[in-house]
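Everything on this sheet refers to the single structure shown next.
The values are calculated or read from the model by the stated rules, or taken from the named source; none is laboratory data. Being a predicted model, the structure only gives us computed values, none of them experimental. Remember, those area values only see protein heavy atoms, side chains included, never the ligands or the DNA or RNA. Shrake-Rupley method; radii C 1.70, N 1.55, O 1.52, S 1.80 Å.
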Amino acid sequence: MAGSNITNFDILKDCLDLELIRDLSRLNDEAFRLNLACYLCDLMGGLTPLPTKKHKVVLASELLKNGASEKRVIELTKISQSTLKRLKNAR
């Protein structure tokens with residue numbers, strides 16, 4: 001893209017999933033805050049010194065606390081079975 005004026009802002013703006021944000025807005029405040037933080041980390045992963053997987057582990061931990069099934073936790077967070085096992089043993 002030599003000579004292109006595309007900025008990181010333009011790239012980020014084009015990646016926003018408005019349907020997901022609308023769905024998140026229907027959650028309670030704490031769930032919205034946690035899910036939005038994870039979504040933002042996914043969007044900006046690799047741009048600055050943001051942890052690439054820590055937010056997924058935090059979300060998985062919260063989901064487990066709230067009684068979500070193992071299958072659903074993995075589906076939502078995309079963490080590995082071994083990470084899930086470590087989280088469950090830490091509880």
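Using a probe of 1.4 Å, the accessible surface attributed to E30 totals some 110 Å² when neighbouring protein chains are kept in position. Which entries in the list K65/K85; K13/K54; K54/K85 go over 22 Å, if you measure between the two C-alpha atoms of each? Violating the 22 Å Cα-Cα cut-off are K13/K54.
Note on K88: aspartates and glutamates with a C-alpha under 20 Å away, same-chain residues under 8 apart excluded, are E62, E70, E75. Largest accessible area first, the residues T77, T83 order themselves as T83, T77 under a 1.4 Å probe with ligands, DNA and RNA left out.
3J(HN,Hα) along segment 83-89: 5, 4, 4, 4, 5, 5, 6 Hz, from the Karplus curve 6.51 cos²θ - 1.76 cosθ + 1.60 with θ = phi - 60°, whole Hz, x for Gly and Pro.
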